[in-house]
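Worksheet for the structure shown next.
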Protein chains: 2
Amino acid sequence: MTNIVLSKSEENYLKSIYNLSDSGSKLVTTNSISKILNIEPASVSDMIKKLSKKNLIYHQKYKGTQISKNGIKIALQIIRKHRLWEVFLFEKLNFKWDEIHEVAEELEHVSSNQLIDNLDKYLKYPKIDPHGDPIPNKLGEIDFVDKISIYDLNIGQKGIVSRIINEDEEFFNLLNKLKIEIGTEVKIIDKIEYDSSIEILINNRSVIISKVVAENIKITKV
Amino acid sequence: MTNIVLSKSEENYLKSIYNLSDSGSKLVTTNSISKILNIEPASVSDMIKKLSKKNLIYHQKYKGTQISKNGIKIALQIIRKHRLWEVFLFEKLNFKWDEIHEVAEELEHVSSNQLIDNLDKYLKYPKIDPHGDPIPNKLGEIDFVDKISIYDLNIGQKGIVSRIINEDEEFFNLLNKLKIEIGTEVKIIDKIEYDSSIEILINNRSVIISKVVAENIKITKV
DNA sequence: TAATTAATTTAGGTATGTCTAAAATATTTT
DNA sequence: AAAATATTTTAGACATACCTAAATTAATTA
Ligand SMILES: [Mn+2]
Ligand SMILES: [Mn+2]
Ligand SMILES: [Mn+2]
Ligand SMILES: [Mn+2]
C-alpha cells in the first residue's frame, strides 16, 4: 500500500493517457497527448520518460506509449475523484452542466482518501456523473459504458440518452437548447444523406442534429 | 476587478503574513514566516521580494514586512475558503475536529469564486468554523474575535469556550479527553501558583489544565 | 526506392520555488 | 563601544515543468 504521490502534472498526463488509450488497450501517440493537454510534444516526451521511470507507463522510442496496470489503477482513482466532485457540484452546489468540469479538474488533485471516500458516502455512492460517465468505486471497478451513439441508430429506432462525451461549453449550450439531457428519449426520424445529419424526435419535437453532435451523444437502445 | 492569480505558495505566504501580523497591524519578521511555513529564511527573503513587487506587502530591508491593504483583502479570501471548507468537512463529511485543517489547507487553493460562494450558501452562510474562528464574508468583512482566554479569568469567573487557537492533533486529542468544545461552559476554581496551571470546572467535573492549554482556549465572559 | 513530409526525441533555455553557504546588517552582551 | 551573536539578505545550485530549435526516426508520396 505504498501510496505514490504524484504531481498535478503527472496526474493530468496519466489521466489523459488512460482516456486516449481506450481504458488501457491502445497505444497512445506523443502528439495526441500533446494536443489534449495543450503542451508541446517535446515536453510530452520529457514527461513520458518520467512516468516510464516510475513504471506507470511503458514506452518504446518513436513507437508509442502504453499505460501500465499500476498506471491504470491511479488514473481510475483520479477519474473517480473528478466525477464524484462533478456530482457534488451539480447536485449540491447547483452548478450548471457546463460549469462543473473545469472546477472538478482542480478538485480532482486534492489528495485525501478520506476526503473522497466520505464524499462518496455523502453523495450516496453515485454510479454515474452528471454527464452519464460511470464512476469507479474505491477499488477502481467501473461499470460498462454505452458505446452506441444516436448516429448508430437506424430510422425508427429509439434510445435513451445515457452519456455525453464532449465537455465543451458550446456543446452543452446546444444540448440545453435542444432540451437533451441524461434520460431523454430520442427517436430517429430520418437520416439526411447530403451532410450525414440526422432528424430526431425529442418530446414530440423534431430537430435536426449534425453527425458530430449525434456521435457525441451515447444512448441505450430501447 | 482585475483578479490577480496567485500561486499556491504565494497564497500560503500571504495568509501566514496576515496571521502573524495580527490582522495587518504588526510588522512581521522573516524568521517568523520561515518558522510557520517551514521554509528556510533565505527562501522567505526571495518570496518577500516577489510579493513586494506585486504590492501585496511592504518591506524594508532588515527591518520587517507589513501586509498591504490589497494583501489583506486577498488573505481574507483565502481564510474564508479555508474555514468554509472546514465547516463542510466537519458538518457534511463527518470529519473529526483534528482532521479538517490539513485537507482545508489544500482545498483553500482551488480558485473558483462561484465554487466558494455556492458552498457558502449551501452551508447556510456560517459565521464561524468548527474551531470557533470567524469566517469572512464575500466582501472580506469579518466579525470581532474573542481575545480573552481561560488563563485571563479570575477565580470564580465563568466563560463559554468560543475559540480554539491551536490546530495540532495532540491538542485536539486533549480537548476531546477533557470534553471541551465550542460552547462548553467553564468556571475557574483555582490558580496554582507553582506551575501557573489552572483548576477549572467543566460539567461539574474539576480538571487541571496547564498555562499553555488555558491560553489556547478563548472564551466569552459570562 | 528515393525524396519529402510528419512525428518524435534531444539539446539547450526559462520561470518558479526551494536549498546551502557566505556576506551584510542589526541586536545583545560584555 | 567593541565583540559576539542573531537575523536577514545575497549568491549560486537544483528540481520541476514548461518552451523553441535542431536532430533523428518513421511514414507517405512520387
Ligand atoms: Mn469532467
Ligand atoms: Mn486535472
Ligand atoms: Mn484550519
Ligand atoms: Mn494552504
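The values are calculated or read from the model by the stated rules, or taken from the named source; none is laboratory data. Note that the structure is a prediction, hence the values are computed from the model and not measured. Cβ placement follows ideal geometry from the backbone for every residue including glycine, while neighbour counts extend to all protein chains displayed.
Counting only residues that are of a type in the set (Lys, Arg) and either near DNA strand D (Cβ under 8 Å from one of its atoms) or over 30 Å from B:ASP120 (Cα atoms) (or both), segment B:27-79 holds 6 of them. Selection of segment A:108-137 for residues being out of contact with any Asp or Glu (no Cβ under 8 Å at 6 or more places or on another chain), away from ligand 3 (no atom under 16 Å from the Cβ) and closer than 19 Å to B:GLU91 by Cα yields A:ASN113, A:ILE116, A:ASP117, A:ASN118, A:LEU119, A:ASP120, A:LYS121, A:TYR122, A:LYS124, A:TYR125. B:ASP143 meets all of the listed conditions (1) in contact with an Asp or Glu (Cβ under 8 Å, 6 or more places away or on another chain); (2) within 21 Å of B:LYS26 (Cα to Cα); (3) acidic (Asp, Glu) but one, namely (1).
Tally up the residues in segment B:1-33 that are touching a helix residue (DSSP H, G or I) at 6+ places or on another chain (Cβ under 6 Å), within 16 Å of ligand 4 (Cβ to nearest atom) and without any contact (Cβ under 8 Å) to a residue 60 or more places away in the chain, please. Qualifying residue count, segment B:1-33: 4. Restricted to helices (runs of 4 or more DSSP H) entirely inside segment A:32-109, those with at least 2 residues that are at pLDDT 95 or above, over 18 Å from B:GLN114 (Cα atoms) and within 12 Å of DNA strand C (Cβ to nearest atom) are A:41-53.
Checking A:VAL207, A:VAL222, A:VAL212 one by one, the residue that is among the hydrophobic types (A, V, I, L, M, F, W, C) and surrounded by 15 or more Cβ atoms within 10 Å (Cβ to Cβ) is A:VAL207 and no other. Of all residues in segment A:90-133, exactly one satisfies the criterion of being small (Gly, Ala, Ser), within 11 Å of chain B (Cβ to nearest Cβ) and in contact (Cβ under 8 Å) with a residue 40 or more places away in the chain, namely A:SER111. Among the criteria (1) farther than 30 Å from B:GLU102 by Cβ; (2) within 14 Å of chain B (Cβ to nearest Cβ); (3) surrounded by 17 or more Cβ atoms within 10 Å (Cβ to Cβ), the one A:TYR151 does not fulfil is (2). Out of A:LEU37, A:LEU84, one residue alone is within 14 Å of another protein chain (Cβ to nearest Cβ), within 16 Å of ligand 1 (Cβ to nearest atom) and in contact (Cβ under 8 Å) with a residue 12 or more places away in the chain. It is A:LEU84. If you go through segment B:94-138 and keep only what is over 22 Å from A:TRP97 (Cβ atoms), among the hydrophobic types (A, V, I, L, M, F, W, C) and away from ligand 2 (no atom under 16 Å from the Cβ), you end up with B:PHE95, B:TRP97, B:ILE100, B:VAL103, B:ALA104, B:LEU123, B:ILE128, B:ILE135.
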